[in-house]
1. Looking at segment 96-113, I want the residues that are under 16 Å from L39 (Cβ atoms) and have a partner that is surrounded by fewer than 16 Cβ atoms within 10 Å (Cβ to Cβ) and among the aromatic types (F, W, Y) with Cβ atoms under 7 Å, at least 6 apart or on another chain. Which pairs are those?
2. Checking T77 against (1) buried (at least 16 other Cβ atoms within 10 Å of the Cβ); (2) modelled with pLDDT of 95 or more; (3) over 14 Å from the mean Cα position of the chain (by Cα): exactly one of these is not met. Which one?
3. Out of L81, L39, L85, report the one residue that is out of contact with any Gly (no Cβ under 7 Å at 6 or more places or on another chain) and either within 15 Å of Y4 (Cβ to Cβ) or part of a helix (DSSP H, G or I) (or both).
4. Hey, among K125, K120, which residue is assigned to a loop (DSSP other than H, G, I, E, B), modelled with pLDDT of 95 or more and either of a type in the set (G, A, S) or loosely packed, with under 14 Cβ neighbours inside 10 Å (or both)?
5. Name, by its number, the condition in (1) under 14 Å from the mean Cα position of the chain (by Cα); (2) within 16 Å of S16 (Cβ to Cβ); (3) among the hydroxyl-bearing types (S, T, Y) that does not hold for S129.
6. Out of L66, L105, L22, I need the residue that is part of a helix (DSSP H, G or I) and either more than 13 Å from the chain's Cα centre (by Cα) or closer than 23 Å to M1 by Cβ (or both). Which one?
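The values are calculated or read from the model by the stated rules, or taken from the named source; none is laboratory data. Here the structure is a predicted model, which means the values were calculated and not measured. For neighbour counting, all protein chains shown are included, and Cβ atoms are generated from backbone atoms with ideal geometry for every residue, glycine included.
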Amino acid sequence: MLNYGYGILYNRILTSITVAGLNPNISYLHKEQKNKPTLVFDLIEPFRAPAVDRTVIAVLNKHSNLALDKNILSNKTKSVLSQKLLLRMNTEFTYRSKTTSINNLMIEQAAGLVDYLQDKSKKFKPYISKW
């Protein structure tokens with residue numbers, strides 16, 4: 001379930017990076033890998049626990065009818081997980097004195113990195129969640 005959720009999150013981060021105009025293959029923390037968007041690996045880390053891990057734990061605690069089909073998640077389980085994950089990423093909360101969502105924060109993080117790289121900002125402030 002974690003890997004499935006990370007796949008959804010991975011695509012959201014990649015979209016944020018692309019929309020911001022960054023090259024997803026140029027990373028700052030991970031070594032360059034041929035045909036791998038390593039910048040996604042950099043920017044996904046702050047969002048794994050608050051978006052995916054927390055959602056998976058909640059789903060496991062509330063849904064006893066989760067199932068596997070030939071050692072992979074059943075379609076029903078994927079549907080439940082993806083719905084809950086998308087709901088979590090779109091749920092608004094207060095962060096740094098403003099109302100936002102995880103989806104908005106991913107976009108803001110990519111834009112913040114652009115501002116930092118273009119010297120429009122003196123430092124890049126990563127998202128730090130409170131559990």
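1. Once the first residue is under 16 Å from L39 (Cβ atoms) and sits in segment 96-113, its partners that are surrounded by fewer than 16 Cβ atoms within 10 Å (Cβ to Cβ) and among the aromatic types (F, W, Y) give G112/F124; L113/F124.
2. That leaves (2) as the condition not met.
3. It is L39.
4. K120
5. Failing condition for S129: (2).
6. It is L105.
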